[in-house]
Amino acid sequence: MSQQHRIWGARAAWRVMLLGALVVGVPADALADDTEVEEAAAEPPVGQLRLGGALRFSYYVKSWDELNQSRGGDFRFDVLRLNTGLQYGKLIAASDYRFYGIYGHYMKYGWMGAQLDEHSALKLGAVKVPFGLMPYASHSWFFNLGYYVGLEDDHDLGLLYTYDAGGWDIDVAYLHSDEGTFSGNSLDSARYAYDLVRVEEVRAASGRVTRAASSQKEQHAGALRVQKTLSSGAGDTVLGAGGQAGGIFNELTLRYGSRWSASAFVKQTSGPLEVSGQVIRAERRLVDAPASLEGAWMGAFDSPYRVARAFTIAQGNVAWTFPVDRELLSSVQVYNDLSLMLKDEGAPTIQSITGALLSSSHVYTYVDLALGRNQPWVGGDWESGLAEGDPDAPWEARLNINIGLYYDGILPLL
Ligand SMILES: [Ca+2]
Ligand SMILES: [Ca+2]
């Protein structure tokens, strides 16, 4: 499931201040003298290590699941997350590893790099693919439709250069491949966000092949994203566009297909109001794919499904934030995120999420009503919903409440 997290970084929940000497491993006897301790403490830190994480639970009721309703909804463990962040001189690094119980455990991102100057940085590893509205193209816990087709909050293995100055944000990336599969039961889908994945052959008891093996992988891509922020009395206006293009490597035949996607977006923030819109176009051309295969296999959360090879997504989001300023509740943001996926071949997929984010210093709660047609996570057919879909698919609904405790601390490095 699309796992929301906007909290790490901006809102440190608590701070742990320890002597940096302890962190870098200075022997204890070197600190025996009080004077030395004071001198060590007076040294400005040359870096910092951040440690943090989150623990989240979900309660949900599904319109298409009688068993779920008969239990009065389900209350389940969602995720345990561990985060690190390092800044030491020009050296920077960050990672996010997540444990999802029966859905496996995997690294969302993990990179090391250099802060080249105050405006630019270079990162190597599983880096965020620069694409579309960022950091997220949505407000809800579910994300927007782009996430479910590999085009929101995706991280792949490669090199990322970021530059920001004068209201410009420019990101350039070379992505060698997807971040790989981690720990789960599927062949290639134990990962946080959707990529093109391999699937194994499946046969019925009669021996008939019901699913042909597929080994189409993301390989060698370039990405460019440019964004300009204009500030005026009416608030901040963000305008941007970008694209990515690269290969799709068929590991069974050692031949390359190709893929590209592009987006244009706008976001207006005026006081408590935030309005944004985005259009995405994506095409994936597979080589040597079985004639019977509709769409392309994509996977995450240990379970693959098929996605149409060519589609356009249009989306619009609106949100309003109410300050509350109480000890247990600092603000409430209400929102609607609406997205429509039109496929060159297949029935449209539609998703509408109306909800509220309740924020406090440590606890963030999403209350979402998700409506969907041909949306696999909202009652649509799991395997085909985002591919050929069903033109007569009904609307389904999912009430989802996700409550999370977020925490982090900073250790100064001397
Ligand atoms: Ca990825
Ligand atoms: Ca990817």
>> Condition first: more than 16 Å from ligand 2 (Cβ to nearest atom) and under 24 Å from PRO412 (Cα atoms). Now tell me which residues in region 97-122 satisfy that.
In response: TYR97, MET112, GLY113, ALA114, GLN115, LEU116, ASP117, GLU118, HIS119, SER120, ALA121, LEU122
> Any chance region 146-158 includes a residue that's within 13 Å of ligand 1 (Cβ to nearest atom) and farther than 24 Å from PHE311 by Cα?
Replying inline: yes
> Out of all the residues in region 110-127, is one or more acidic (Asp, Glu) and under 16 Å from the mean Cα position of the chain (by Cα)?
Replying inline: no
>> Among the listed residues GLY295, GLY233, GLY242, GLY257, identify the single one that is farther than 30 Å from ASP390 by Cβ and either of a type in the set (A, V, I, L, M, F, W, C) or touching a Gly at 6+ places or on another chain (Cβ under 9 Å) (or both).
In response: GLY242
>> With the requirement that a residue be within 16 Å of ligand 2 (Cβ to nearest atom) and surrounded by fewer than 20 Cβ atoms within 10 Å (Cβ to Cβ), what does region 149-163 give you?
In response: LEU157, LEU159
>> Pairs please, first residue from region 160-185 and more than 16 Å from LYS217 (Cα to Cα) and touching a residue at least 40 places away in the same chain (Cβ under 8 Å), second anywhere and within 16 Å of ligand 2 (Cβ to nearest atom) and among the polar types (S, T, N, Q), Cβ atoms under 8 Å, 6+ apart in sequence or on different chains.
In response: ALA173/GLN244
>> Out of everything in region 168-208 that is part of a strand (DSSP E or B) and among the hydrophobic types (A, V, I, L, M, F, W, C), what residue ends up being farthest from ligand 1 (Cβ to nearest atom)?
In response: TRP168
> Residues of region 94-104 being in a strand (DSSP E or B) and surrounded by 18 or more Cβ atoms within 10 Å (Cβ to Cβ), which ones?
Replying inline: ALA94, ASP96, TYR97, ARG98
> Got a sec? Which of GLY180, GLY207 is out of contact with any helix residue (DSSP H, G or I) (no Cβ under 6 Å at 6 or more places or on another chain), within 16 Å of ligand 2 (Cβ to nearest atom) and on the phi > 0 side of the Ramachandran plot?
Replying inline: GLY180
> Do we have GLY166 as near ligand 2 (Cβ under 10 Å from one of its atoms) and either surrounded by fewer than 19 Cβ atoms within 10 Å (Cβ to Cβ) or not hydroxyl-bearing (Ser, Thr, Tyr) (or both) here?
Replying inline: no
> If you check LEU340 against the conditions, is it in contact with a helix residue (DSSP H, G or I) (Cβ under 9 Å, 6 or more places away or on another chain), under 18 Å from SER138 (Cα atoms) and surrounded by 15 or more Cβ atoms within 10 Å (Cβ to Cβ)?
Replying inline: yes
> Among the residues of region 127-148, which ones are in a loop (DSSP other than H, G, I, E, B), more than 10 Å from ligand 2 (Cβ to nearest atom) and of a type outside the set (S, T, N, Q)?
Replying inline: PRO130, GLY132, LEU133, MET134, PRO135, TYR136, ALA137, HIS139, TRP141, PHE142, PHE143
> Which ones in region 149-167 are aliphatic (A, V, I, L, M) and outside any strand (DSSP E or B)?
Replying inline: VAL149, LEU151
> Would a scan of region 44-67 turn up a residue that is surrounded by 13 or more Cβ atoms within 10 Å (Cβ to Cβ) and at pLDDT below 85?
Replying inline: yes
> Residue check: is THR237 surrounded by fewer than 17 Cβ atoms within 10 Å (Cβ to Cβ), touching an Asp or Glu at 6+ places or on another chain (Cβ under 8 Å), of a type in the set (Ser, Thr, Tyr) and under 24 Å from PHE265 (Cβ atoms)?
Replying inline: no
> Out of (1) away from ligand 1 (no atom under 16 Å from the Cβ); (2) in a strand (DSSP E or B); (3) not acidic (Asp, Glu), what's the single condition that is false for HIS220?
Replying inline: (1)
> Does VAL307 satisfy the criteria of being under 26 Å from ASP381 (Cα atoms), in contact with a Gly (Cβ under 9 Å, 6 or more places away or on another chain) and β-branched (Val, Ile, Thr)?
Replying inline: yes
> Where in region 291-339 are there strands (runs of 3 or more DSSP E), lying fully within it, with 1 or more residues that are among the hydroxyl-bearing types (Ser, Thr, Tyr) and modelled with pLDDT of 95 or more?
Replying inline: 303-307, 310-323
> Which pairs do you get when a residue that is on the phi < 0 side of the Ramachandran plot and touching a residue at least 24 places away in the same chain (Cβ under 8 Å), found in region 234-259, comes within reach of a residue that is aromatic (Phe, Trp, Tyr) and surrounded by fewer than 19 Cβ atoms within 10 Å (Cβ to Cβ), reach meaning Cβ atoms under 6 angstrom, with the pair 6+ apart or on two chains?
Replying inline: ALA245/TRP260; GLY247/TYR256; PHE249/TYR256
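The values are calculated or read from the model by the stated rules, or taken from the named source; none is laboratory data. In this text the structure is predicted, and so the values were computed from the model without any measurement. A quick note on method: Cβ atoms are made from the backbone with ideal geometry, for glycine too, and the neighbour counts reach across all protein chains shown.
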